[in-house]
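Please read the structure below before turning to the comments.
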2 protein chains.
Amino acid sequence: MSLLISLPESMGPRALCSALLDLEPEMKIVTGHENVQNPDEVEFAVVWNHPEGLLLNYPNLKAISSYGHGADGLLADSKLPEGIPLVRLTNETMAEWMSEYLLAVVLLQRRQLLQHAENPNFIEWGIAARHPGNQLSILGLGYLGKAAAKVFLKNGFEVAGWSRTPKQVEGVSSFSGNDGLTEMLKSTDYLVNLLPLTTETTDLLNTETLSKLKRGAYLINVGRGQTLVEEDLIPLLDDGQLSGACLDVFRTEPLAEEHPFRKHKKILITPHNSSSTPADSVAPQILENYKRAVSGRQLLNQVDLTHGY
Amino acid sequence: MSLLISLPESMGPRALCSALLDLEPEMKIVTGHENVQNPDEVEFAVVWNHPEGLLLNYPNLKAISSYGHGADGLLADSKLPEGIPLVRLTNETMAEWMSEYLLAVVLLQRRQLLQHAENPNFIEWGIAARHPGNQLSILGLGYLGKAAAKVFLKNGFEVAGWSRTPKQVEGVSSFSGNDGLTEMLKSTDYLVNLLPLTTETTDLLNTETLSKLKRGAYLINVGRGQTLVEEDLIPLLDDGQLSGACLDVFRTEPLAEEHPFRKHKKILITPHNSSSTPADSVAPQILENYKRAVSGRQLLNQVDLTHGY
């Protein structure tokens, strides 16, 4: 019986294999689906951007794990084997990296350091360039959203959060529903999208919703590209409704070289690296789910197929 | 009897005047030394970059306040009236702004956001660009240094500090003396200069000392430009001993347009605005020192002329 690792090279499939073997030296692991010799042996698969239909090849599969926080990539496969549970990763290091990225971007914008880098003369010598706005609002109060909220709270920000169902998070003004979204947006200086991609969140950020933000707010998308209607963004930036945007995710990745976002002065682009999946750090959780799957126990972080995350 | 405000326009002399009048509406204030009609009346002066010898004009001066954290600008005047006490400002808002700037710069460097801004393709899609180095070392553990240490500690950094005399700061590995400096530098990932400018700190950061840093360390100078030997910096950057530098202060300010720092890819320049003096926030401290000065009481934050700060 074996565990299959099917990840793009950039995600370090061999690093995960070696981290798992450090924990369980006797474990049978196949790295790369092209190296599977006996499909009957595969009981557990760790995947990211796998080929559609791949997972139908393994008749004894007990569970499938996304190699990231999101399950949307897995669910995008219309040929998933029926009835096989899906899990995703939650991990403290991933949350720390994400929160750190968000804090870096927000402080960068508050202190206008990109403008300084481009032209230190953009402001008179000795004059502080500091946006006073202090409300950071987080769309999505899951594992990553709550971790980010804590970091911003301890750095003196007012933090609000919006989620599908009402949630109580200490120190965070929490909102839900359409009215809640409108209410939150109007006092938002920095809007962070950390929502999972579902039918409900697709296209949620568009001209109508973003126009409800406090004028001059700053948008950070680290959730999924499909949540933002891309063609709506540039007019909002050019008009000044948004002071800028930092985008780590896009509807099509990698972002095309000729995409207009690449040329826009007010858009900071990062190549989907706000966080990362650190092999050593997630290996114990993957191993635990593997053991649970083969022994038929309840899995950790199982994806709720009704809600899509 | 009156208080004289002699500040450059960029520091907002009228904002200070109005903040003082809000607290003490009957107070007599002259804004701008050119507007002094009766020099005998001036008992207290708040200055920044004042003309040399100016303060000799006021025979009844009881104290002089720098309009900033540093006293070096005041002490640079070789024609100060003898025996008149000098004070400087310490202020929570100034410390918060400074700490925020430092955190912004360090996170910016850790997550390579300037490199992303310039070319999002500098790293492969999906690969996290994150410097793992975690030790931030602060030169100068005064009011601003201690405040910065607290902010970095709560954001998960290892913090070290170096000061003229040994100091105990909770959570901070403290060093002093030449050997202490060498010891601290060798494990430093981010070096922050917050030292006051004195004969001892002038030229302290040079090829010899900066070569003792961990290879690839990042330098941030927010203290005084004279602490850094400017011509030593670029070779250290080009050689890779330093991975970059963020400079907010310079030997001559504003920094000359043709200065080589302006063209160097690894140098981020800000126009001496890492912090600022917020009039409303410092007015109570200035008023208190004014009252103490005219009634002959002990002043707050008096400059120690032996040590020069």
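The values are calculated or read from the model by the stated rules, or taken from the named source; none is laboratory data. Since the model is a prediction, treat every value here as computed from it, not as a measurement. Cβ placement follows ideal geometry from the backbone for every residue including glycine, while neighbour counts extend to all protein chains displayed. Please note that ligands, DNA and RNA were not included when accessible areas were found on the heavy atoms of the full protein model with its side chains. Shrake-Rupley method; radii C 1.70, N 1.55, O 1.52, S 1.80 Å.
Miscellaneous remarks
- Selection from segment B:10-38 of residues that are of a type outside the set (S, T, N, Q), open to solvent by 40 Å² or more (accessible area, probe 1.4 Å) and away from every other protein chain (no Cβ under 14 Å): B:14, B:21, B:22, B:23, B:24, B:25, B:26, B:28, B:33, B:34
- If you filter segment B:151-164 down to residues that are assigned to a loop (DSSP other than H, G, I, E, B) and at pLDDT 95 or above, you find that the one that is nearest to residue A:113 (Cα to Cα) is B:155.
- Checked against the criterion of being at pLDDT 95 or above, within 14 Å of another protein chain (Cβ to nearest Cβ) and surrounded by 15 or more Cβ atoms within 10 Å (Cβ to Cβ), the candidates A:3, A:7 yield just one match: A:7.
- A Cβ distance below 7 Å, combined with a sequence gap of six or more or placement on separate chains, defines the contacts here; from segment B:273-295, residues that are in a loop (DSSP other than H, G, I, E, B) reach residues that are among the hydroxyl-bearing types (Ser, Thr, Tyr) in the pairs B:274/B:101; B:275/B:101; B:277/B:67; B:278/B:93.
- Taking segment A:124-150 as the range and being more than 25 Å from the chain's Cα centre (by Cα) and either outside any loop (DSSP other than H, G, I, E, B) or among the acidic types (Asp, Glu) (or both) as the test, only A:124 passes.
- Residue match in segment A:248-263 (condition: hydroxyl-bearing (Ser, Thr, Tyr), in a loop (DSSP other than H, G, I, E, B), surrounded by 14 or more Cβ atoms within 10 Å (Cβ to Cβ) and within 14 Å of chain B (Cβ to nearest Cβ)): no
- Yes/no for residue B:212 being in a loop (DSSP other than H, G, I, E, B), within 14 Å of chain A (Cβ to nearest Cβ) and of a type in the set (Lys, Arg): no
- For segment A:163-183, the set of residues classified as under 26 Å from residue B:104 (Cα atoms) and either in contact with a Phe, Trp or Tyr (Cβ under 8 Å, 6 or more places away or on another chain) or buried (at least 21 other Cβ atoms within 10 Å of the Cβ) (or both) consists of A:172 only.
- Remark: residue A:84 falls outside the filter, which requires a residue to be more than 21 Å from the chain's Cα centre (by Cα), surrounded by fewer than 22 Cβ atoms within 10 Å (Cβ to Cβ), of a type in the set (Val, Ile, Thr) and under 30 Å from residue B:264 (Cα atoms).
- Filtered residues of segment B:87-106 (kept if open to solvent by 20 Å² or more (accessible area, probe 1.4 Å), in contact with a Ser or Thr (Cβ under 7 Å, 6 or more places away or on another chain) and under 28 Å from residue B:199 (Cα atoms)): B:88, B:97
- Residue that is least open to solvent (accessible area, probe 1.4 Å) [pool: residues in segment B:107-123 that are within 7 Å of chain A (Cβ to nearest Cβ) and assigned to a loop (DSSP other than H, G, I, E, B)]: B:111
- You will find that of B:156, B:126, B:133, the residue that is open to solvent by less than 40 Å² (accessible area, probe 1.4 Å) and either at the interface with chain A (Cβ under 8 Å from one of its Cβ atoms) or of a type in the set (Ser, Thr, Tyr) (or both) is B:126 and no other.
- The one condition from (1) farther than 29 Å from residue B:75 by Cβ; (2) free of Cβ contacts under 8 Å to residues at least 40 places away in the same chain that residue B:175 does not meet is (1).
- For residue A:45, the requirement of being modelled with pLDDT under 95, crowded, with 22+ Cβ neighbours inside 10 Å and under 17 Å from residue A:289 (Cα atoms) is not met.
- Of all the residues in segment A:184-198, those that are in contact with a strand residue (DSSP E or B) (Cβ under 9 Å, 6 or more places away or on another chain) and either open to solvent by less than 40 Å² (accessible area, probe 1.4 Å) or not assigned by TED's automatic domain parsing to the domain that holds residue A:149 (or both) number 10.
- Some residue of segment B:64-74 being under 15 Å from the mean Cα position of the chain (by Cα), modelled with pLDDT of 95 or more and open to solvent by 20 Å² or more (accessible area, probe 1.4 Å): no
- Search result, residues across segment A:272-293 that are more than 14 Å from chain B (Cβ to nearest Cβ) and open to solvent by 60 Å² or more (accessible area, probe 1.4 Å): A:284, A:288, A:291
- Output for segment A:47-104, where each listed residue is in a helix (DSSP H, G or I) and of a type outside the set (A, V, I, L, M): A:57, A:72, A:73, A:92, A:93, A:96, A:97, A:99, A:100, A:101
- Scoring residue A:238 on the criteria (1) within 24 Å of residue A:76 (Cβ to Cβ); (2) part of a helix (DSSP H, G or I); (3) outside the structural domain of residue A:69 (by TED's automatic domain parsing) leaves a single failure, condition (1).
- Among residues of segment A:288-309 being small (Gly, Ala, Ser) and either in contact with a helix residue (DSSP H, G or I) (Cβ under 9 Å, 6 or more places away or on another chain) or over 15 Å from residue A:45 (Cα atoms) (or both), the one that is modelled with the lowest pLDDT is A:308.
- Residues located in segment B:3-24, provided they are hydroxyl-bearing (Ser, Thr, Tyr) and within 17 Å of residue B:55 (Cβ to Cβ): B:6
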